[in-house]
Amino acid sequence: MTGAFQMADTAMFQLFLRASTDNTFKLPRADLDFKARDAELDRTRVRSILEAIDGALLEAENEQPVIRRRLEDALARAAVTLGNGTDEYLERDAVDTHYQNLLSIEISNAERRLNELADTIAHFQSLKAAMLTGFPDLSAR
């Protein structure tokens with residue numbers, strides 16, 4: 001029986017080989033359908049990544065004016081508590097010194113955050129540019 005199976009397998013293989021060279025089993029449209037679906041799936045994935053980058057970029061850009069206002073407010077309050085005398089620091093009340101120290105920390109934190117946001121925004125813009133370079137058929141938003 002092994003010989004019969006072997007002969008059937010050989011005959012079947014030759015049939016498939018002949019059919020594949022004759023293009024009997026080839027479906028030309030199926031290949032195009034797969035390519036179209038694959039391309040659309042890729043575009044959908046890239047769009048979702050671009051949307052995430054755009055969202056993060058927008059949030060970071062919207063945070064900047066809030067931090068700038070906080071910085072300007074802290075600078076204005078520090079100027080008021082600082083005084084205008086040349087020897088003000090010698091006669092300053094302990095409470096004013098305490099507030100100056102707190103405002104100094106707030107100013108430092110706001111400046112640090114603005115620098116971080118600038119770096120983050122630059123990185124997000126680079127990511128977006130790389131995505132659009134790699135997938136030029138997607139339009140920039």
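The values are calculated or read from the model by the stated rules, or taken from the named source; none is laboratory data. None of these values were measured; they are calculated from a predicted model. So basically every Cβ, Gly included, is an ideal-geometry build from the backbone, and we count neighbours across all protein chains shown.
Listed here are the residues, each with its yes/no results for (1) in contact with a Leu (Cβ under 9 Å, 6 or more places away or on another chain); (2) surrounded by 11 or more Cβ atoms within 10 Å (Cβ to Cβ); (3) at pLDDT 70 or above.
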{"site": "GLY55", "(1), (2), (3)": "no, yes, yes"}
{"site": "GLU61", "(1), (2), (3)": "yes, yes, yes"}
{"site": "ARG70", "(1), (2), (3)": "no, yes, yes"}
{"site": "THR81", "(1), (2), (3)": "yes, yes, yes"}
{"site": "ASN84", "(1), (2), (3)": "no, no, no"}
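ASN115 passes every criterion in (1) surrounded by 14 or more Cβ atoms within 10 Å (Cβ to Cβ); (2) at pLDDT 95 or above apart from (1). Scanning segment 23-36 finds one or more residues that are at pLDDT 65 or above, basic (Lys, Arg), surrounded by fewer than 11 Cβ atoms within 10 Å (Cβ to Cβ) and assigned to a helix (DSSP H, G or I).
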